[in-house]
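What follows is a set of notes on a single structure, which appears directly below.
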Amino acid sequence: MPPRYELAILARDHSVFEGRVEHLAAPGWDGSFGVLARHAPMVVQLRTGEISVVEEDGGRSYFAVSGGYVEVAWDGVTALVDAAEPAEEIDMGRARAAEERAERRLREHEPEVDVGRAEAALRRALNRLRVAEKRRREG
């Protein structure tokens, strides 16, 4: 049986996941990375993307995340994220509406539109849709 460790994924106002896991894969600012038990301590900045987890029972969980940090310590891993949503809780209709809104803002070139914010909103919406679709395909 592979070694396991404690993982906590914490958003600003709530705990998204807490449990024992075999593996975590996350979107680091400089590239994706994985963590197995007994990994050397480190702190990594996250970008918008997907955190995937292989749980203690072998099941997989996926989370759409936006920014934050992962701290790997000898006794476990903590992900402090700006926002996180489990794949099974993503509202596809709401995510598609957010995508359309962001695309419209970028397309219309209104002077009051903050292009950087609109691009970030589009990345978050597309990420949420991608993570939800992946979960749906895997059943």
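The values are calculated or read from the model by the stated rules, or taken from the named source; none is laboratory data. Every value quoted in this text rests on a predicted model; they were computed, and no experiment measured them. Because the Cβ atoms are built from the backbone with ideal geometry, glycine has one as well, and the counts that use them run over all protein chains shown.
Taken over segment 69-78, the criterion of being of a type in the set (Gly, Ala, Ser) and either closer than 11 Å to residue 43 by Cβ or assigned by TED's automatic domain parsing to the domain that holds residue 127 (or both) is satisfied by 73 alone. Can you find even one residue in segment 34-50 that is exposed (fewer than 14 other Cβ atoms within 10 Å of the Cβ) and either in contact with a helix residue (DSSP H, G or I) (Cβ under 8 Å, 6 or more places away or on another chain) or without any contact (Cβ under 8 Å) to a residue 12 or more places away in the chain (or both)? Checked segment 34-50: at least one residue is exposed (fewer than 14 other Cβ atoms within 10 Å of the Cβ) and either in contact with a helix residue (DSSP H, G or I) (Cβ under 8 Å, 6 or more places away or on another chain) or without any contact (Cβ under 8 Å) to a residue 12 or more places away in the chain (or both). Just one of the listed residues (128, 105) is outside the structural domain of residue 24 (by TED's automatic domain parsing), surrounded by 15 or more Cβ atoms within 10 Å (Cβ to Cβ), under 12 Å from the mean Cα position of the chain (by Cα) and in contact (Cβ under 8 Å) with a residue 12 or more places away in the chain, and it is 128. Across segment 21-32, the qualifying residues are those that are out of contact with any Phe, Trp or Tyr (no Cβ under 7 Å at 6 or more places or on another chain) and part of a strand (DSSP E or B), and the one among them that is nearest to residue 92 (Cα to Cα) is 27. From the list 132, 120, which one is among the small types (Gly, Ala, Ser) and either under 19 Å from residue 89 (Cβ atoms) or assigned to a loop (DSSP other than H, G, I, E, B) (or both)? Being among the small types (Gly, Ala, Ser) and either under 19 Å from residue 89 (Cβ atoms) or assigned to a loop (DSSP other than H, G, I, E, B) (or both) holds for just one of 132, 120, which is 132. Of the residues making up segment 2-20, those that are under 15 Å from residue 66 (Cβ atoms) and assigned to a strand (DSSP E or B) are 9, 10, 16.
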